[in-house]
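Peer 1: Please find one structure pasted underneath; my questions will follow.
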Amino acid sequence: MQQHAERVIIAPSMLCADFRCLAEDIRRLEAAGADWLHFDVMDGQFVENLTYGPIIVEAARPLTELFFDAHLMIEKPLRQIEKFARAGAQLICVHEETVDDLRAALEAIHDLGLKAGVALNPDTQVSALAPGLEVCDVVMLMSVFPGRAGQAFILETHERLRELVDMIQAVGRQILIEVDGGVTPPIARELWKLGAGAFVSGSYFFKHPGGYAGAVQEFRDACY
Ligand code: DX5
Ligand code: ZN
């Protein structure tokens, strides 16, 4: 059984934040007890949508002590990792589909002093992660096709998670599994039991009737 972190990691997707008052929203997220801020970076090439670059991370950095997780849904991510490191990202996740040499890409992120993660699209074989499992800190299992928030969770993710947990156990390293896309607390509960330790949430989290604190509490209550 995958030994995940004792305490579930909750990572609101900043794609769904209120950009009219980003500073206030970030302070509210921290006060509500979120653990990470998940920055969804899209280039309009790897995925259809275009969001933001390191400038948002740089603006957010002085506002909070929260851990910054940069999810690079971009082509040629290695061109950008240094800028995200300088901007204040602490974890950079690159898509396996966008790098030629996964191990080298993860080592390049480590060389910047950051945690290194690899993200995997729902239609990419989990086995494609093998070259990265010796060095990565995080595997981000996409449970939607990347490109926008508000999509339905892909149910095959459970089976893919089981396969990933087995691969990680065979490697014998501590690797955090982050699941990203369409995650709600009941879904998180199932994934937590299978060994996932961190959950990104966008639409469910930011539209929660109980506000950010209610959303955090519901995710925490689901994972124990
Ligand atoms: C999708 C992003 C996800 C997404 C999460 O490309 O990587 O982080 O914004 O939002 P929900 O939880 O609404 O799927
Ligand atoms: Zn994401």
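Peer 1: Can you tell me which of H158, H208 is in contact with an Asp or Glu (Cβ under 8 Å, 6 or more places away or on another chain), more than 19 Å from V139 (Cα to Cα) and either in a helix (DSSP H, G or I) or not aromatic (F, W, Y) (or both)?
Peer 2: H208
Peer 1: Consider A5 against the criteria (1) at pLDDT below 95; (2) open to solvent by 50 Å² or more (accessible area, probe 1.4 Å): it satisfies all of them except one. Which criterion is unmet?
Peer 2: Unmet for A5, out of (1) at pLDDT below 95; (2) open to solvent by 50 Å² or more (accessible area, probe 1.4 Å): (2).
Peer 1: If I187 meets every condition in (1) over 21 Å from I92 (Cα atoms); (2) away from ligand 2 (no atom under 16 Å from the Cβ); (3) modelled with pLDDT of 95 or more apart from one, which number is that one?
Peer 2: The failed condition is (2).
Peer 1: Is the range 195-207 home to any residue that is open to solvent by less than 30 Å² (accessible area, probe 1.4 Å), in contact (Cβ under 8 Å) with a residue 12 or more places away in the chain and at positive phi?
Peer 2: Yes, some residue in the range 195-207 is open to solvent by less than 30 Å² (accessible area, probe 1.4 Å), in contact (Cβ under 8 Å) with a residue 12 or more places away in the chain and at positive phi.
Peer 1: Which one of these is open to solvent by 60 Å² or more (accessible area, probe 1.4 Å) and without any contact (Cβ under 8 Å) to a residue 40 or more places away in the chain: L22, L37, L50?
Peer 2: Result: L50 is the single residue among L22, L37, L50 that is open to solvent by 60 Å² or more (accessible area, probe 1.4 Å) and without any contact (Cβ under 8 Å) to a residue 40 or more places away in the chain.
Peer 1: Working only within the range 176-188, note down all residues that are touching a strand residue (DSSP E or B) at 6+ places or on another chain (Cβ under 6 Å) and either among the hydrophobic types (A, V, I, L, M, F, W, C) or open to solvent by 40 Å² or more (accessible area, probe 1.4 Å) (or both).
Peer 2: Listed by number, the residues that qualify are L176, I177, V179, V183, A188.
Peer 1: In the set A31, A11, which member is in contact (Cβ under 8 Å) with a residue 12 or more places away in the chain, exposed (fewer than 13 other Cβ atoms within 10 Å of the Cβ) and among the hydrophobic types (A, V, I, L, M, F, W, C)?
Peer 2: Going through A31, A11 in turn, just one is in contact (Cβ under 8 Å) with a residue 12 or more places away in the chain, exposed (fewer than 13 other Cβ atoms within 10 Å of the Cβ) and among the hydrophobic types (A, V, I, L, M, F, W, C): A31.
Peer 1: For the range 67-91, how many residues meet the condition of being under 19 Å from I26 (Cα atoms) and surrounded by fewer than 21 Cβ atoms within 10 Å (Cβ to Cβ)?
Peer 2: 4
Peer 1: Now for a different question. Consider the range 32-79. How many of its residues are farther than 15 Å from V94 by Cβ and acidic (D, E)?
Peer 2: Number satisfying all stated conditions: 4.
The values are calculated or read from the model by the stated rules, or taken from the named source; none is laboratory data. As the structure is a computational prediction, the values presented were derived from the model and not from experiment. With ideal geometry, Cβ positions are generated from the backbone for all residues, glycine too; neighbour counts draw on all protein chains shown. Keep in mind that these areas ignore ligands, DNA and RNA; they rest on the heavy atoms of the full protein, side chains included. Shrake-Rupley method; radii C 1.70, N 1.55, O 1.52, S 1.80 Å.
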